[in-house]
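This report concerns only the one structure given below.
The values are calculated or read from the model by the stated rules, or taken from the named source; none is laboratory data. Please read all numbers here as calculations on a predicted model, not as lab measurements. Here the Cβ positions follow ideal geometry from the backbone for every residue, glycine too, while neighbour counts run over all protein chains shown.
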Amino acid sequence: MFFTNVLESLELQQHLQPAFVFLPLENIQLNIMYKELIQQLGTARLVAVSKTQPHEAIMQLYEQGQRIFGENKVQELVPKYEALPKDIEWHLIGHLQSNKVKFIAPFVAMIHSVDSLKLLAEIDKQAAQHQRTIDCLLQFKINDEETKFGLDINEAYALLESATYPNLQHIRICGVMGMASFVEDKAQIQREFKALKQIFDTLKARYFPNEASFKEISMGMSDDYSIAVAEGSTLVRIGTLLFGARNYGNLQ
């Protein structure tokens, strides 16, 4: 009910101020929302999805104590890294093309969207050039939407059992990522998150039983994070709930 009231307030203010989509976090309701959200997540960590958001909006969350931010596109991530505080932990959460890895390899903390051995090898190559090890998540397709990227379990087996994988010394696979269907059927969303948790458990037991770093399940967004947390999410990717509706005119 609390979040419903806040979202209704956001919608009302957007009608009153049609040219102003982003609502700053000094608004008392959003300050309360952020703190309440952190409490609701429990041990799961918040990845604040800042795509299309201006630097000022990111800094307002930063001043609340938020340090993990996620971007979908390399071309947005790089200038934000350059302009904003260096203790921000930047996560690349969108689809990543191999030819763009070099632009984020010097600083990215985690890449959530590894969906091929080719991409993983390129991340390793670019990380080596900067004497870094980059944390990565394997992205799985857990729904039936054709537009989604991701591996299936057999493709993950093939990747992890390939001759190439043991030679990748500058990447560390830390877990899995997936996106549920954009539907109102909560039971379906729950089934899809359960499937991702099962994939995580299978890979953990089969390939990473003694690796404490293999611990992340990135699932859950603004509309379904509570279901994701209940099903074992350790990283939730939330944007709209924090920043309001996206304004693509804010791209910098």
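This table checks each residue for (1) under 18 Å from ASP115 (Cα atoms); (2) in contact with a Lys or Arg (Cβ under 8 Å, 6 or more places away or on another chain); (3) polar (S, T, N, Q); (4) touching a residue at least 40 places away in the same chain (Cβ under 8 Å).
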{"position": "PHE140", "(1), (2), (3), (4)": "yes, no, no, yes"}
{"position": "LEU159", "(1), (2), (3), (4)": "yes, no, no, yes"}
{"position": "ALA163", "(1), (2), (3), (4)": "yes, no, no, no"}
{"position": "GLY178", "(1), (2), (3), (4)": "yes, yes, no, yes"}
{"position": "GLU184", "(1), (2), (3), (4)": "no, no, no, no"}
{"position": "LYS204", "(1), (2), (3), (4)": "yes, no, no, no"}
{"position": "SER222", "(1), (2), (3), (4)": "no, no, yes, no"}
{"position": "LEU242", "(1), (2), (3), (4)": "no, no, no, yes"}
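Across the stretch 34-63, which residue is farthest from ALA228 (Cα to Cα) among those that are among the polar types (S, T, N, Q) and assigned to a helix (DSSP H, G or I)?
GLN60
Within the stretch 126-149, at least one residue is of a type outside the set (A, V, I, L, M, F, W, C) and in a helix (DSSP H, G or I). Residues in the stretch 191-212: is at least one modelled with pLDDT of 95 or more, in contact with a His (Cβ under 9 Å, 6 or more places away or on another chain) and on the phi < 0 side of the Ramachandran plot? Within the stretch 191-212, none of the residues are modelled with pLDDT of 95 or more, in contact with a His (Cβ under 9 Å, 6 or more places away or on another chain) and on the phi < 0 side of the Ramachandran plot.
Every listed requirement among (1) at pLDDT below 95; (2) assigned to a helix (DSSP H, G or I) is met by GLU184 save one, (2).
Just one of the listed residues (GLN64, GLN60) is at pLDDT below 95, in contact with a Pro (Cβ under 6 Å, 6 or more places away or on another chain), closer than 30 Å to VAL108 by Cβ and not aliphatic (A, V, I, L, M), and it is GLN60. When the stretch 135-179 is filtered for residues that are surrounded by 14 or more Cβ atoms within 10 Å (Cβ to Cβ) and either over 30 Å from GLN190 (Cα atoms) or in contact with a Cys (Cβ under 8 Å, 6 or more places away or on another chain) (or both), the ones remaining, listed by number, are ASP135, CYS136, LEU137, SER162, TYR165, LEU168, HIS170, ILE171, ARG172, ILE173, CYS174. If you check LEU119 against the conditions, is it touching a residue at least 60 places away in the same chain (Cβ under 8 Å) and in a helix (DSSP H, G or I)? No, not satisfied. Please go through the stretch 195-210 and give me each residue that is charged (D, E, K, R) and either exposed (fewer than 15 other Cβ atoms within 10 Å of the Cβ) or part of a loop (DSSP other than H, G, I, E, B) (or both), ordered by number. Passing the criteria: ASP201, ARG206.
Here SER213 clears all of (1) under 27 Å from GLN129 (Cβ atoms); (2) part of a helix (DSSP H, G or I) except the condition numbered (2). Restricting the stretch 75-94 to residues that are touching an Asp or Glu at 6+ places or on another chain (Cβ under 8 Å) and in a loop (DSSP other than H, G, I, E, B) leaves a set whose member that is surrounded by the most Cβ atoms within 10 Å (Cβ to Cβ) is ILE93.
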